[in-house]
Structures are given as C-alpha cells and as structure tokens.
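Quick notes on the structure that follows.
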Amino acid sequence: MEQLMALPGLKRLMEVCRRLNLRLETSPPAREPLRAGCLLEGLPFDPVLASVYARLGHAAFATDLMGKGWILDRSDDQVHKLEENNKSWRERWWQELGTPMIVFGGDIHTYATVPELADEWGRQPVVRVDTYEPDAHVMPIASNVDRFFDSYSRYLENLVADVRYQKSRETELLFPWDATEILARDEWLVELMRAGRFNSLMKNGDDSTRRWAARVMGTRVSGSGG
C-alpha cells in the first residue's frame, strides 16, 4: 500500500473551519484513487494532490462565506468531476494559456497545478486562473497544494477577525489579493516568482497584478507608486 504524504496544511484548514464554525463538507475517497505520477490528460498527477484524494473524494471549505469559500473537485467511485473538468480544460484553455495544467478545484475561479514547474520531489506549484477576463488571467498562489491549504486557512482566520466581518459577517478581504503577507511566507513560491518562472503565465496581468506580485516578493514595481 502506498504511504500517504503528511498534509499539515489540509489538516490546519479543516481545523480552522471547525474552530471558526465555517462550513466544512467532506466525502470518502474512491476505492482506487488517482496515484502520484499517473497520467491525467497526459500530465503526471501531482503527488500532493494524490495524497489529498487518497483521503477525500470531495471537500468544500467555508462555502457559507459568499464568494470566499473553496471546493475540491469530486473524484470518487460515483462522480468523476476532476477527470471531466481536466478533459474540458485541456480542450478549451491549454492552448490559450500556453502551459498544460491540472485543475483541481476553486470558487468562482479555477485553481490548478503546473506540472512543468514541479520541484525535485515532483510537487507542483499552484496557480489561480480567472477565465472571466477577456484573456485568461493567472496568479501564482503556492509552491504546492498543501502549502495552498495552509495559506488559505490563514486567510480565513484574517477574514473572520476583520472588524467588518465581526459587525455584519461582511468583509471585502479577498484571496489572494489581500493575502500578500501570508503568501510571502511561502519561500519556494517567492523564489519561483523572483526567478521569473511564472512570467509566461502572467503575460495577461495588468498593473494591479504586477503590484500584487511585487508585494508578495517584497519588491516594488518601478514607476507604480508602490
């Protein structure tokens, strides 16, 4: 039996949802979940995602926060949304983005791993893709899937602690725009960004995205006014 990878970020996210009384829904995994390195639409399946799907067939985090929750695409013995979404994603978006990706969930936007940027252990960084823009808009989010879960859990803590949320359960804090300090703790993500590894994916980014990326990297955009 394949040994499961430790997932402290996923564990923390689930604990945060319970502690803050945010909606958390999970379902059991498939009897034979996708394994690390197996091909999904011709791409090697991320080992961190494989460990996630070995534990869960589906999950929804904080979906009672309108527009701020996050859902893991379902893949179990009854439903194959993960596989179906990746097939349609390949047909519709790979060519426009210029880089093959494995999509695995999201909110109103899509989150995906980037196999060609995998580290020496095969762990793939995570990006957020906004397909509602005229041109698909990509933002680097995490050095790997579990690190994304950790960052997202910390964003939820900040969101619930926001005075606007305390008064009316409404807040303008958005992920990842208002999580630059959290994302900056992900050292390997910052290294990849500084090395320009996401530049080809971020080609459609506007000035606000460049300023956001600069804050994550701890730098300034020349002439942007900070």
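Taking only the alpha carbons of segment 74-168, what extent do you get along each of the three principal axes, in Å, biggest first?
45, 34, 33
What figure in square angstrom, to the nearest 10, would you give for the accessible area of residue 175 with a 1.4 Å probe?
Its heavy atoms expose roughly 20 Å² to the probe.
Looking only at 59, 214, 195, which one moves most when the chain is put into a Gaussian network model with springs between Cα atoms under 10 Å?
Most flexible of the set in this elastic network: 195.
With a 10 Å cut-off between alpha carbons and a GNM built on the chain, which of 42, 69, 105 moves the most?
42
Can you work out the Karplus-derived ³J(HN,Hα) for every residue in segment 204-218? Use 6.51 cos²θ - 1.76 cosθ + 1.60 with θ = phi - 60°, whole Hz, and x for glycine or proline.
My calculation for segment 204-218 gives 8, x, 9, 4, 5, 5, 5, 5, 4, 4, 5, 5, 4, 7, x Hz in order.
Which loop GluC sites (Glu not before Pro) in segment 143-195, with loop taken from DSSP, have no more than 16 other Cβ atoms within 10 angstrom of their Cβ?
170, 172
Skip the ligands, DNA and RNA, and give the accessible area per residue of the chain with a 1.4 Å probe, whole Å².
51
Which pairs break 32 Å Cα to Cα here: 87/203; 11/203; 87/167; 11/167?
Cα-Cα > 32 Å for 11/203; 87/167; rest within.
For the chain, what % of the accessible area comes from carbon and sulfur atoms, probe 1.4 Å?
C and S fraction of accessible area: 47 percent.
Could you rank 186, 150, 135, 107 by how accessible they are, 1.4 Å probe, largest area first?
From most exposed to least exposed: 135, 107, 150, 186.
In the set (i) 1.05; (ii) 0.95; (iii) 1.03, which value of Rg/Rh (Cα atoms, Kirkwood Rh) was calculated from the structure you see?
Given (i) 1.05; (ii) 0.95; (iii) 1.03, the structure-derived one carries the label (ii).
The values are calculated or read from the model by the stated rules, or taken from the named source; none is laboratory data. On a predicted model such as this, the values are computed, not experimentally measured, just so you know. All Cβ positions, glycine included, derive from the backbone under ideal geometry; neighbour counts span all protein chains shown. Ligands, DNA and RNA are excluded from the accessible area calculation, which covers all protein heavy atoms including side chains. Shrake-Rupley method; radii C 1.70, N 1.55, O 1.52, S 1.80 Å.
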